[in-house]
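Asks: Can you read through this structure? Questions will come right after.
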Amino acid sequence: MSYTPNWTTKVFTVPLGDLTFVSGVNYTLDAGDFWIEIRRLEASAANNGGLYAEQALEFVNTQTLSGIPYSAIVKLINGYTWEVDSSNIIVSLLGKNSNLLDTFVPANGVSVLANNSAGKIETGSGLSAAEAAQLDEVHGGVQRKIWIDTTLGTDGSGYQGDPHNNFTSAIDNAEANGITDIVLLSDATADRQLKNFIFEGIGSPVLTLNSQDFKGSKLIDLELEGTMVSTGPVHAVDCILRDSLTGVYGRFDRCGLAGDIVLKTASDSDFVGCYSTISGLSRPSISANGGVCDVSVRGFKGGLTVKGMTNASGTMSVGMAQGRLDADATNTNGLISVRGRGDFADNTNGTTVDTSGFLQVSKVDDIYTREALNPDTPNTYAEDGSQITNDDYTLIKTDNGDGTYTVNRT
């Protein structure tokens, strides 16, 4: 199959060749086949693929009511839609119940006919027992998650109501059945390479990486510790990066830094919307580890120290949303670009530091103090700190380009 995803507009395009021809202008699309292809695209890291995108599909598994198994449901969620790369045809949906009729984008004379039924069941389909078992595995097993709770005394089957109690059994089960989604209910330690998995924590359990390769894996709502030796980037979302986490490599969205974070040598990493979990005057740090790195920190909140920039080709860009940034004396080479607003202490020893895009909060405070504004007169402040206005006068700050500023009062 060769669906084309647009992760920005959230539209999947199904080519005519992936539909089953019936006759004339009539074609069919199996909801189960659609499910499998979208899941494959979601697991891909190529070209900023689905591995980094918001979840597109939900699978409501087969339900047994009064002894009768009712059909599963395939659902496009989170605003995703689909279209057909053709014109003037009729597409009949087959297989599982789905919301594909509701999420279809009508265009070019293409019509879609649903096949949903409130009473659709898995029996009486005309399939043999072996065929029915195979169909259930294709449509239901693809999205099935493996559940782990290491606090249990007895090992289970891996289903939500009967979790495995150890990491080894859980991953053996997942690999044997082609399952990539793992749910952790308690702390666990990785025991092998785990490429292209999805690990989701319930209650923020600790995942000890144990020097294993997590290339292409997505880590959600976990506390990460130990050493990462990934040969490719990981994607962590809403995780806590514990003190002394090393070999860090990938994209980290909305993650809390709880100590000293050491990057993988010669790697590129992005920290987007991250923050410090440390209270008081202490702060976490990101160490470039002396390598040729390309590090981007965007919208950081709280205190942060950057260190270990010793390679002439290394670059680090730090954008502060609020808080204090310190570039310490272990930075002896390379380039650090500081942006945003906050307080910045430059203690580097040879590293080139660019602060042209940074607003030092203390400079605004100095302007306010030196001009002795009347505290009884309401003042209005420009968002970038370049202007202060009240009913009596306006202060305008101009950057002289040499590290100094001129303030004019009108």
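Every number here is computed from the coordinates shown, using simple stated rules; none is lab data. This one's a predicted model, so the numbers in the text were calculated from it and none came from an experiment. Cβ: placed from backbone, ideal geometry, glycine included. Neighbour counts: every protein chain shown.
Asks: For the residues 245, 185, what sequence is obtained by ranking on other C-beta atoms within 10 Å, fewest first?
Replies: 185, 245
Asks: What whole-number distance in Å separates the alpha-carbon centres of segment 143-191 and segment 316-343?
Replies: 41 Å
Asks: So, one more: Cross-link candidates for residue 215: which lysines have Cα within less than 17 Å, leaving aside residues fewer than 8 places away along the same chain?
Replies: 195, 264
Asks: Let me ask something else. Scaled to the compact-protein estimate 2.2 N^0.38 Å, what is the alpha-carbon radius of gyration of segment 154-304, rounded to two decimal places?
Replies: Normalised Rg, Cα atoms only: 1.05.
Asks: Hey, what's the per residue convex hull volume over the C-alpha atoms of segment 203-292, in cubic angstrom?
Replies: Once divided by residue count, the hull of segment 203-292 is 84 Å³.
Asks: Show which lysines lie in cross-link reach of residue 10 when reach means a straight Cα distance below 20 angstrom and same-chain residues fewer than eight apart are skipped.
Replies: Once the sequence-local lysines are set aside, what remains near residue 10 is 75, 218.
Asks: Additional query: Can you give the FRET efficiency for residue 168 and residue 54, using 1/(1 + (r/R0)^6), R0 = 30 Å, r = Cβ-Cβ distance, to the nearest 0.05?
Replies: With R0 = 30 Å, the Cβ-Cβ based efficiency is 0.40.
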